[in-house]
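Reviewing the structure listed below.
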Amino acid sequence: MTVEGNQVIDVQRVVKDFRPGFGLRRKRVLHGVTFQVYQGEIFGFVGPNGAGKTTTLKILMGLIRSTEGSASILGCDVAESEFRDRIGFLPENPYFYPFLTAREILDFYARLCGVDSRQRAARISELLEVVNLSYAADARLRTYSKGMLQRVGVAQALINEPEVVFLDEPMSGLDPIGRKEIRDVILSLRAAGKTVFMTTHILHDVEMICDRVAIIVKGAIRHQGRIEDFLPDATVSTDVVLSRLPAETAAELEEKFSVEMRGLGERVELTLPEKRVRDVLELALASGADVISVTPHRSSLEEVFLNAVQEGGDPE
Amino acid sequence: MNSLLRVQALAVNTFREALRNKLLYTLLGFGILMIGVGVLLATLSYVEVDEILQDMVMGAIRFFSAGIAIFIGIGLIHTEIERRTIFTILSKPVSRTEFLIGKWAGLTFTVWLQLGLMALAFGVVSSLAGAPLGAGHAVAIALIGLELMLLVAIATFFSAFTTPMLAALFTVGLWMIGHLSRDLRALGEQSELESVTSMTDFIFLVMPDFEVFNKTLQAVHGLPIPASEIWLAIVYALGYTVCTLLFGSMIFQRRDFK
């Protein structure tokens, strides 16, 4: 758990209007987005497709300008470019010059970031090792798979040893091993005191690694806070699986506790409120039944996310 | 200093990318082919064979070099946006002006290199045909180099905010007008209507005058090229290029990359 210390990213009431075409009415895609990210935390920015995640990220990267509001990174206005040697950025589905090799493209980005020529080669080799691409370092990028390009993208985002790293869908296109590798890289960044801002669709990853999260729906922030605040410890329900349950006990359970039973061959599955679990288990065990499993269920981020999406009417 | 290093990195990368463009080799091949055809056509004449040969060859060099400058230049920025390579570049400490200048410098270097190759072919053909070669020829070719530098800047300018199709249309249009604007002004001066004269004068002033760089006639006929005209061409090319890139940068600053 991180302590909310120095503010690294500050987004205040950002509004963005796009004109879909010449002569057409402007369309508002961000409605006063406000959030802060603090030093050393992993911040998850989640939302459905078209919610405004990438637009917000592009504003932070200076690729598009906000219509209203302000955004700053490390105390610098996002419209400036000088501070960008202190940040790293991985766009969604990154594409690189196909005629270059991974080593050459990293050298190119290192030069743009002003990485000292004496440290460049060592830094590139180190990063290729980190993203597990050393074996293909001198192959042309046109021969790379999507997952390999994603890893090159992660490497280029880290080439300048940034203080803040922005990752747009970093797990996209990766197999389970690749996802774990990238998760490990993100966790190692936090361990090194860096700040990570990531957008993702994979809520399981957010639950696993993010300290705080903001949910954006239709261009407006619906929820934001610590991941623990989203996921209270209280168990919502418990699944109990029993075998060799006598018919009369089953009838008694149904009558006494009004539980719903589902037959699974010789087994039965019951879904219970937490307060009934002890009584049901005592009765079942006393009747000679075997307890196969007891699985408590907590509210997941996915449920919070789905609720936020369903609740979300038009912001204005 | 850092800014120069960033522009250099972008220029080198643009140069490497341009060298992989098939269009470059197609137009370069055609250019060299036309130089060869020039030899054949020149032999059809009984008078001034050398002058006709060199005139045709220099025309081919100008035409095909301009083709390379325009048709690679128009996609210079657009391709970066379309492929989204610009996202990672602009997220580094690279200003949009540096990006534009780096792209322009890389392509200018590429067209200078192909101009050098065509100039070499020109030298070989002239030598084989026994046509005289002098400093005038070198100056005329160097001035084509300045013309190409400006042309790349114009293509980059349009590429910064419009589609390759429109950028091609505008750049080719400007190049053609730039070679005709003196004739247009001369035509306007003949007119009795003051409005026509004013309009042709205005077009001449606003549009680039590419004839400043055309010293083919003097070179081919061994006429002296005054130093003042060379300096005028240098200053004109530099001034116009800087202004074009500056305007391009101002527009590019305001562009959203969706």
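Read the figures in this text as sums done on the coordinates, not as results from a lab. Predicted model only: the values in this text are computed from it and were never measured. FYI the Cβ positions are ideal-geometry reconstructions off the backbone, even for glycines, and counts take in every protein chain you see.
Details
- Annotation: aspartates and glutamates with alpha-carbon distance below 20 angstrom to residue A:256 (same-chain offsets under eight excluded): A:239, A:248, A:269, A:274, A:279, A:282, A:290.
- Counting charges near residue A:194 (Lys, Arg +1; Asp, Glu -1) among other residues having Cβ under 11 Å from its Cβ returns a value of -1.
- Förster radius 30 Å - calculated FRET efficiency between residue A:303 and residue A:243 (Cβ-Cβ, nearest 0.05): 0.50
- Normalising the average separation of contacting C-alpha pairs (under 8 angstrom, six or more residues apart) by the number of residues puts the relative contact order of chain A at 20 percent.
- In a DSSP loop and with at most 15 other Cβ atoms within 10 Å, there are no trypsin sites (Lys or Arg not before Pro) in the range A:83-180.
- Leading residue at positive end of dipole, the range A:4-106 (Cβ point charges), from A:39, A:54, A:29: A:29
- Given charges at beta-carbon only (K, R positive; D, E negative), |dipole| of the range B:2-253 in Debye: 1340 debye
- Cross-link pairs exceeding 22 Å between alpha carbons, from the set A:16/A:194; A:27/B:92; A:58/A:194; A:180/A:218; A:16/B:258: A:16/A:194; A:27/B:92; A:180/A:218.
- Residue-count net charge about residue B:58 - beta-carbon cut-off 13 Å; Lys, Arg +1, Asp, Glu -1: -2
- Residue among A:225, A:198, A:215 farthest towards the positive dipole end of the range A:7-230, charges placed on Cβ: A:215
- Centre separation in Å (Cα based) which lies between the range A:1-69 and the range B:160-187: 41 Å
- Positive-end residue of B:221, B:139, B:75, charge dipole of the range B:2-253 with Cβ unit charges: B:75
- Antiparallel bridges, percent of DSSP beta bridges restricted to the protein assembly as shown (to nearest 5): 70 percent
- Per the Kirkwood formula applied to alpha carbons, the range A:235-298 shows a radius of gyration over Rh ratio, Rg over Rh, of 0.92.
- Descending Cα extents along the principal axes, the range B:2-253, whole Å: 63, 50, 32
- For the range A:235-298, a crude dipole built from +1 on the beta carbon of Lys and Arg and -1 on the beta carbon of Asp and Glu, taken about the Cα centre, is about 240 debye to the nearest 20.
- All alpha carbon pair distances within the range A:5-135 were sorted into 10 Å bins beginning at 0; the resulting P(r) in whole percents reads 10, 32, 31, 21, 5, 0.
- Taking the DSSP bridge list for chain A and keeping only pairs wholly inside it, about 70 percent are antiparallel.
- Whole-Å semi-axes of the ellipsoid equivalent to the protein assembly as shown (Cα gyration tensor, √5λ, descending): 67, 25, 21
- FRET efficiency estimate (nearest 0.05) - Cβ-Cβ, residue B:44 to residue B:192, R0 45 angstrom: 0.60
- By the count of neighbouring beta-carbon atoms within 10 Å, fewest first, B:112, B:104, B:175, B:231 end up ordered B:231, B:112, B:175, B:104.
- Dipole check for the protein assembly as shown: with +1 at the C-beta of Lys and Arg, -1 at the C-beta of Asp and Glu, and the Cα centre as origin, the magnitude is about 720 Debye.
- Its relative contact order, with pairs defined as Cα atoms under 8 Å and 6+ residues apart, puts the range B:181-258 at 20 percent.
- Kirkwood hydrodynamic radius (C-alpha pairs) into Stokes-Einstein, the range A:120-206, 25 °C and 0.890 mPa s, D in µm²/s: 184 µm²/s
- Inter-centroid distance (Cα atoms) of the range B:13-63 relative to the range A:100-120, Å: 38 Å
- When only Cα pairs below 8 angstrom with a gap of at least 6 residues are kept, chain B shows a relative contact order of 25 percent.
- Calculated over chain A, the projected area of the Cα convex hull averaged across directions stands at 22.0 nm².
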